[in-house]
1. What is the set of long-range amide H partners of residue 264 at a cut-off below 5 Å, with H atoms built 1.01 Å from backbone N?
2. Given the options 250, 232, 215, which has the most mean-square fluctuation in a GNM of the chain, springs set between C-alpha atoms less than 10 angstrom apart?
3. Among 328, 134, 282, whose mean-square fluctuation peaks in a Gaussian network model of the chain (Cα, cutoff 10 Å)?
4. Given N residues in segment 207-358, what is its alpha carbon radius of gyration divided by 2.2 N^0.38 Å?
5. Among DSSP bridges having both ends in the chain, what percentage is antiparallel? Round to the nearest 5.
6. Kindly report the accessible area of the chain per residue (heavy atoms of protein chains, probe 1.4 Å, no ligands, DNA or RNA), in Å².
7. Which lysines, on any chain, are close to residue 86 with Cα under 23 Å apart, when same-chain ones fewer than 8 places away are left out?
8. Which residues in segment 25-48 place their backbone N less than 15 Å from a point set 7 Å from the Cα of residue 108 along the Cα-to-Cβ direction?
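The values are calculated or read from the model by the stated rules, or taken from the named source; none is laboratory data. Note that this is a predicted model, so its numbers are computed, not measured. Neighbour counts are summed over all protein chains in view; Cβ atoms, including those assigned to glycine, are modelled from backbone coordinates with ideal geometry. These area figures cover heavy atoms from the full protein model, side chains too; ligands, DNA and RNA do not enter into them. Shrake-Rupley method; radii C 1.70, N 1.55, O 1.52, S 1.80 Å.
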Amino acid sequence: MAALEVAALRGAYGGRRVFVTGDTGFKGAWLSTALAELGAEVSGFALPAKTSEDLFVRGGIERMVKHRDGDVRDAAALRAAVDDAKPEIVFHLAAQALVRRSYQDPGETFATNVAGAVNLLDAVRLQPTVKALVFITSDKCYRNKEWTWGYRETDELGGDDPYSASKAAAELVFASYAASYFRHRADFGAATVRAGNVIGGGDFNDNRIVPDCVRALRSGQAIELRSPQSTRPWQHVLEPVFGYLLLGARLLSDPARHAGAWNFGPKPEATRTVGDLATEVVKIWGSGEVVHKVEKTAMHEAGLLALNCDKARNALGWEAVWGFEPAVRATIEWYRKAGDPRADVLSFTRGQIRQYLEDAKR
């Protein structure tokens, strides 16, 4: 992303009313911080942050956002929040985002990721101030065929586990709303975005590799891996966040051209195994041990999943900035800083955003 693009983003979002679902979540908190840095007036709607360590609380993001506690499964509450905010652009991130939890509670997963998506789309449909919608799903919306090449936006959707299936279903719901209501709406653009596995500071969810690593390292325990050979396209959270922001700006300026589906994934060299990631975390942390934990009843998870991002590169001029090692280093440095109760986590988070943008100019 060139310096000119950063200036254009400030011009696109400065003073603009933006609504973010899932602002208390990991990716939503980073997106809200970046939007505030660009001068946007951010309103958020989400469940309360899960822990006091989450970026939204630890970084004081709640002071930068007009946040309202709520559940996307509550159509009336979500509609009221959108109507009150009167946003010009909406980013939808609220989701049940954990594969293993989807096995434990598939009803919650489908209700949040599918019915919640319907509620959000309906609120946008009925709010005339909205000019652009960026609807975040997941790379797991693709029917995984264990290909060694990346999935394109036109590839088949689907999923065997409840989480993947819910994200594929959300894409179908979006497509229905786009065809039935959004396609002919004047001066309005809507797009879905699919990102690879995201890492970064402020994520404390259970059963996620980096938070699990950090918890183990902080307690002096070995890092236990269920599937060390599973391969994922690892990327720092700022990569897709600025992809979403760039796409949102383009939807405002040229909605017809930029509507549809978009992939945002890392550089090819960042597609690594879970074991590679844990080993790199230990290396940067400076101590620790990685062991393989065998599970007799392991739930199915994809072994190989990568994205083809040619569309974003060619049509948006977007491409990943940080490779594998810089992404892991920035992530672990954030957790190191946040581990000090006296640290100014918001300033450090802003500093990482500025460093990312500086590196993007090169």
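1. The answer is 194, 195, 196.
2. 215
3. Comparing 328, 134, 282 in the GNM, the peak value goes to 282.
4. Scaled against compact globular proteins, the figure is 1.18.
5. Values: 4 of 38 bridges.
If we restrict to bridges inside the chain, about 10 percent are antiparallel.
6. 41
7. Of all the lysines, those that pass the test against residue 86 - Cα under 23 Å, at least 8 places apart if same chain - are 27, 66, 131.
8. 47-48
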